[in-house]
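Taking it in order: structure first as structure tokens, then the write-up.
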Number of protein chains: 2
Amino acid sequence: MTIGQGDSEQVGFQVSPIEFRLDPASGVPTYLQLVHQVEHALRLGYLKPGDQLPKVRDVVASLAINPNTVSKAYRELETKGLIVGRPGQGTFILATLSQVALPELTGLRRSLRGWLAKADTAGLDESGIAALVASELRDFYERLGGSSTRSGAAEDETEGVA
Amino acid sequence: MTIGQGDSEQVGFQVSPIEFRLDPASGVPTYLQLVHQVEHALRLGYLKPGDQLPKVRDVVASLAINPNTVSKAYRELETKGLIVGRPGQGTFILATLSQVALPELTGLRRSLRGWLAKADTAGLDESGIAALVASELRDFYERLGGSSTRSGAAEDETEGVA
DNA sequence: CCCCCTGTCCTATTGTCATAAGACAACACT
DNA sequence: AGTGTTGTCTTATGACAATAGGACAGGGGG
């Protein structure tokens, strides 16, 4: 039972490997939160070309928002060339934003978890950690002025970790 | 009498120890960005009770925004009991949100900087780092459900990168 | 073929954000 | 007392976000 169309590859996930969440306190528009979450997943390799995004009506049901809001988010992602919507089938990933190999990313993730545990132990709560990270992240890239140790230029959107 | 503890000297800073910044791409309303920045500074100890915030008209001048927007931010902070506005004088910090002693926070900051450098070297750009941090931060507190693990002191430096 | 599912589009309405321009009230200093 | 500074408030206007409700178009399976 193959799900994939006659395309060159197969899917593997009928249900989406991503689950949207909303943070009403962030102040970020709903449609932008959806956009950011897809972009984040693309950067971290959680989503790859061919993967299917949640169906519009599913997102509507799970988040209790308006179809137009989801549509606006998907439209924005499609404009960027990241996804494509196919009526009757669903919405699918086209490109990737991943920059780092999986193993390296796993290492970074693990050490970051260690730091988080340490921050938690020190008494910082989620807001405090977010504040500290946001502060250092800003300082870090302010000091660099855009020049990374590697190469790479991208000045897309930035998302406050708050 | 005014609220100032001492009456002759309490200053030390005519100019505020905080400087507002705006990120138009974040989607966060301007007035909320100001609110968040003050709260962050309070959590990290950059601002303490008695400190003076930038004058409304100064913020207006430096950020090129409307006085009403700054006023809305300050009003929100005043409602929360964090600051107080005194006509003719300025706006001042009332409470603190700091949760961690300075030395511990400094340690956390240092190891975080190390991690950031490592992530940068690995090829992650600002957006990628923000994505990774946001992802792990969410996972971390999702797993805890709100219960912190603070018991002992943190002594081990986060792995790698000194 | 027909029906259902999918994404997409339309109009209208409501609420919030940000702006402009001006006025007022409390305080410090001369 | 008078002047200038500072925070606060009012009114009106334009833009955007999100909603409701309905309609249309492409694709697949019975």
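Readers should treat all values here as calculations from the given coordinates under stated rules, not as data from a laboratory. Nothing here was measured: the structure is a model prediction, and the numbers come from that model. Positions of Cβ are backbone-derived with ideal geometry, glycine not excepted, and every protein chain shown enters the neighbour counts.
Listing for the model above:
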item	result
Above-threshold pairs, the threshold being 26 Å between Cα atoms, out of A:LYS48/A:LYS72; A:LYS48/A:LYS118; B:LYS48/B:LYS80; A:LYS118/B:LYS80; B:LYS48/B:LYS72	A:LYS48/A:LYS118; A:LYS118/B:LYS80
Peptide ranges B:38-49, A:63-74 listed from the most packed, as the mean C-beta count within 10 angstrom indicates	B:38-49, A:63-74
Exposure proxy order (Cβ contacts within 10 Å, fewest to most) of A:GLU142, A:GLU104	A:GLU142, A:GLU104
Rg/Rg_globular for region B:24-93, with Rg_globular taken as 2.2 N^0.38 Å and Rg from C-alpha atoms	1.05
Whole-Hz ³J(HN,Hα) from phi, Karplus 6.51 cos²θ - 1.76 cosθ + 1.60, for region B:99-109, glycine and proline x	10, 10, 5, 3, x, 4, 5, 4, x, 4, 4
At q = 0.15 Å⁻¹, base-10 log of I(q)/I(0) for region B:58-139 (Debye sum, equal scatterers on each alpha carbon)	-0.89
Per-residue HN-Hα couplings for region A:69-76 [Karplus 6.51, -1.76, 1.60; θ = phi - 60°; Hz; x = Gly/Pro]	5, 5, 4, 5, 5, 5, 4, 5
